[in-house]
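Notes follow once the structure below has been shown.
The values are calculated or read from the model by the stated rules, or taken from the named source; none is laboratory data. This is a predicted model, so every value here is computed, not measured. Positions of Cβ are generated from backbone atoms using ideal geometry, with glycine treated the same way; all protein chains shown enter the neighbour counts.
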């Protein structure tokens with residue numbers, strides 16, 4: 001078992017490694033991008049990658065404090081569901097109005113990888129293989145869809 005500090009360092013080491021691995025990959029528009037802290041340019045819409053003990057996930061999170069507006073964003077994503085899933089080459093799970101780790105109401109469109117452990121370096125290749133193509137596909141989708149969300153700001 002790891003101390004809290006060791007666990008934190010190991011997790012940070014994974015994200016640093018992943019960031020270095022993704023550094024040469026350009027966005028769909030041919031620009032350098034911070035893949036770990038991806039900026040959607042739309043307030044309250046973010047791409048989240050998480051890895052822990054037991055599972056990892058990648059998600060589009062809608063965190064607008066007004067649940068009605070949050071639902072409008074979610075519905076707009078649903079209108080683009082076929083474009084999203086064709087960009088990703090897979091189906092993701094959709095949840096309107098759930099709670100995050102801070103008990104804040106969010107909506108999520110996500111994919112999980114079970115039986116992975118960020119604290120085990122042997123799992124890092126599978127975690128990287130899980131995150132990399134999905135982040136690249138999300139970027140491609142967002143390049144096509146972002147303008148639609150600009151009007152909802």
request  = Just give me the residues in the stretch 1-22 being in contact with a strand residue (DSSP E or B) (Cβ under 9 Å, 6 or more places away or on another chain) and at pLDDT below 95, in sequence order.
outcome  = 7, 11
remark   = In the set 76, 70, the lone residue that is closer than 21 Å to residue 38 by Cα and out of contact with any strand residue (DSSP E or B) (no Cβ under 9 Å at 6 or more places or on another chain) is 76
ask   = With respect to the numbered conditions (1) surrounded by 13 or more Cβ atoms within 10 Å (Cβ to Cβ); (2) more than 24 Å from residue 151 (Cβ to Cβ); (3) touching a strand residue (DSSP E or B) at 6+ places or on another chain (Cβ under 9 Å), which one is the sole condition not fulfilled by residue 25?
value = (3)
ask   = If you take the residues in the stretch 94-118 that are closer than 13 Å to residue 54 by Cα and buried (at least 16 other Cβ atoms within 10 Å of the Cβ), which one is nearest to the chain's Cα centre (by Cα)?
value = 113
query = surrounded by fewer than 15 Cβ atoms within 10 Å (Cβ to Cβ) and closer than 24 Å to residue 13 by Cα: does that describe residue 122?
reply = yes
